[in-house]
Structure formats: C-alpha cells, structure tokens
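Have a look at the structure below before the remarks.
The values are calculated or read from the model by the stated rules, or taken from the named source; none is laboratory data. Here the structure is a predicted model, which means the values were calculated and not measured. Positions of Cβ are backbone-derived with ideal geometry, glycine not excepted, and every protein chain shown enters the neighbour counts. Please note that ligands, DNA and RNA were not included when accessible areas were found on the heavy atoms of the full protein model with its side chains. Shrake-Rupley method; radii C 1.70, N 1.55, O 1.52, S 1.80 Å.
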Amino acid sequence: MSGRTGTTYAEGDLGRLIQRTLQIGVWLAVGGFAAGLAARLAGWPEAARTLWLAGVVVLVLTPVARVAMLAFGYWRAKEPALALAALVVLATLVLAALLL
Amino acid sequence: MNELHGMVLLLLLVSGFGIGVLGSVLGIGGGVFIVPLLVLVLKLPIQQAIAVSLVSIVATSSAVAAVNVERGLTNMRLGIVLEVTTAIGAIGGALLLKALPAELLQTLFALMLGPVAATMFWKGWRAWRRRGLSAAAADVTAVGAVVPGKFDAAFYDPAVGAAIPYTVRHLGPAAGASLAAGSLSGLLGLGGGIIQVPVMNLLCGVPIKAAAATSNFLMGVSAAASALIFLRQGLVLPEVAATMVVGVLVGSFVGVRVLYRIRAEKLQVLFAVLMLVVAAKMLLKVFA
C-alpha cells in the first residue's frame, strides 16, 4: 500500500528509492561500528576510533542522501515545487556541513 | 572518556534500546532522555551529550523511516515541506546554543507543552472510551469525500483493519511550528518530535500514526543538520555514539512494529503523558 491515494508508479518508485537509501546508510554505519569493535578487540584503539567515527559520519550523512534522492525523485516525477523544497533542504544541510 | 567499561557499555546499549522503542512508536528522537542520561550518569559535558543525542536521533529516524515509507505511514510530501523550515531552525538553534539562556527556553517550552498535552490527552481519552468508534473517526477530523489535495494521503491501519484516508490542513502554521521544532534540535539536542507530532495531529489533521511516522522521517534532517555542526567542532564521541546507536537501532526495529499495530487513541494518550513528563522534568530542572 502506498502512502497516497491515487498512487502513481513514480511515487511508489520514489518510496522504494528512499527506503533503499536509508537502509544502505544504516547498514554501512553498522558495518563501520562492527569493524571498529573488531579493531578494538584486536588491540588497535586508534583504528577502532577512526572506524567508529566513520560509521557516525556515514549515519549522519544518510538523511542528507535521502533528501538528495527526494529532490531527484520529485524532479523525475515532474513535481518541481517538491523538488525545489528538497533542494532548499539539501542546500541548508550542505551549508551546515561545510560553512558553519 | 577514552575507554568504555562493561557496565557503561551495557547501560548505553540498554538505554539506547529503550529510547529506540519509545522513539519509533511516538515519533520522537528520544533526546529528552539521552541528554540527561549522558550528563548525569556518564558525566559528559552538555555539548558532547547533545552531539551524541543528535547522532542517536539520526539513527532512529533513518531506521524507522525506511520501514514506515514502505508501509505508507510516512507522508513524504508533507515531510519534505516541513523539512525546509525544520532544517533552517536546526542550524539557527545550533548557532544560538551559546547565546541564549537555556533556562528561559526550557521554561517557555515546558509551559507551552502543558495545554497541548491536555488537548491531545482529552482527544485520545474520549476516543479510547468510545470503544465502538473506529480509529479513523476518532483520530481524524477532516476525512470524507473530498477531492484529494497535494498533501492528502492514506495508509492501512492493521489495528482497525482498514485504510485511513486523511486531509492535511493548516500547512502554513505547521511550517512555522517546524521552525521552532528544528531550533530545539540544535539548542537542546532534541529531535523536535515533541512539537512536530502534536502540530501534525492537532493542527494539520494528520492521524497520530502517520504524524509519528512523518515526524520520525523529518527529524533525521534537523538532527543531521545540527549533528554536522557538532561533528565539525569535534564534539561527537565516536565510541559513546556508536554504542548507543547500536542499542537505538535494535530498539527502533522493535518499536516500528509496535507502532504499526497499536491503536491510535492509545498512542495519543501515551504521547500526551510523555509531553507532561517532559514538561514537568524541564520545569523541575529549571526551578530546582
């Protein structure tokens, strides 16, 4: 069941794209945490810390990737207003990451 | 804190699990519990606690949204519009963190929560007592044979065994409220769900389940916006964040199943109680 009445193929497709983006981000982060734990158990604390930090960075960037996918998806679905809203959010996030 | 010892590790995992369950069911990030835990128990400085809290909120949001989008509970259109003001508010909040008196903010926020919680409690309690009433009629005030608008949506609710269509109203004021919710993220390390859920439910007419799911969806952005700033400032403790996130993720996967099956009116009452607890806790902290 899709989230909207009168569902179009594009909306269902976008839902799957967003779902996969979020899942990939979460699993990559978990992979980083697991690798960090393995490094810690192997007696490499610095490597462990780096891997944990990498997992955190991937996790924090996951919503950013999700917003980028929303912009792409709404643009493809010919919903310019929603694509623009997603781009504004993306620009705000990039600003936070790079400038502040 | 360079080493995490057994008991601390267990505490982080277990509390992360509980926060993940609660956050995914109620549409909140759980920052209101994480920050005090890290400050009072682990003795972390408040800014590092907020940074870890924000990372945990991103984890809840991403894990839960992946499931809720698939189930149609998340209103992505509404979410992306509210995200615009939420993200701007989050950055403003993170930058104002040092400039504003935290006690004043917490007092105002707590006082605001009281009447909102009472309204939500009354609405949920009334529906709960009318057992014969369907969740759709109990939870949504603007449903019917209307022409679907751009933000209107529907989802299947297994608790009542029916599709729940709804109409989204008052988007402008809701966007303004999202600005405040985003600011809270950066200022207090909260996800903002404590504002977003009642605003979507009471003001926009979004059923509580869809409101919680959409809140989870968009709080990831506000938390990420603030967390990026904290990451750049080197305030995120990777070992603490990673441990807590693992607990949060496991809890989120459990909680998202509860959200799907719980009755809407129970969720409303539970959320109202949570708001009152948060308000009382903030007032106690300020005046104690």
(request) State whether one or more residues within region B:238-245 are over 17 Å from A:Pro63 (Cα atoms), of a type in the set (D, E, K, R) and touching an Asp or Glu at 6+ places or on another chain (Cβ under 7 Å). (result) no
(message) Of everything in region B:53-70, what is surrounded by fewer than 24 Cβ atoms within 10 Å (Cβ to Cβ) and either at the interface with another protein chain (Cβ under 7 Å from one of its Cβ atoms) or over 14 Å from B:Phe155 (Cβ atoms) (or both)? Give them in sequence order.
(response) B:Glu70
(request) May I ask you to list the residues in region B:183-241 that are more than 22 Å from B:Gly255 (Cβ to Cβ) and among the β-branched types (Val, Ile, Thr)? (result) B:Ile229, B:Val236
(request) Only residues in region A:1-23 that are part of a helix (DSSP H, G or I) and at pLDDT 80 or above count as the first member; pair them with residues that are of a type in the set (Lys, Arg) and open to solvent by 40 Å² or more (accessible area, probe 1.4 Å), Cβ under 6 angstrom, at least 6 apart or cross-chain, and list the lot. (result) none
(message) For region B:254-288, give me each residue that is part of a helix (DSSP H, G or I), surrounded by fewer than 18 Cβ atoms within 10 Å (Cβ to Cβ) and small (Gly, Ala, Ser).
(response) B:Ala280
(request) Inspect region B:174-183 for any residue being within 14 Å of B:Thr214 (Cβ to Cβ), in a helix (DSSP H, G or I), at pLDDT 85 or above and within 13 Å of chain A (Cβ to nearest Cβ) and give the result as yes or no. (result) yes
(message) Anything in region A:83-100 that is surrounded by fewer than 22 Cβ atoms within 10 Å (Cβ to Cβ) and over 29 Å from B:Gln48 (Cβ atoms)? List them, or say none.
(response) A:Ala83, A:Leu84, A:Leu87, A:Val88
(message) Out of everything in region B:101-127 that is modelled with pLDDT under 75 and in contact with a helix residue (DSSP H, G or I) (Cβ under 7 Å, 6 or more places away or on another chain), what residue ends up being most open to solvent (accessible area, probe 1.4 Å)?
(response) B:Glu103
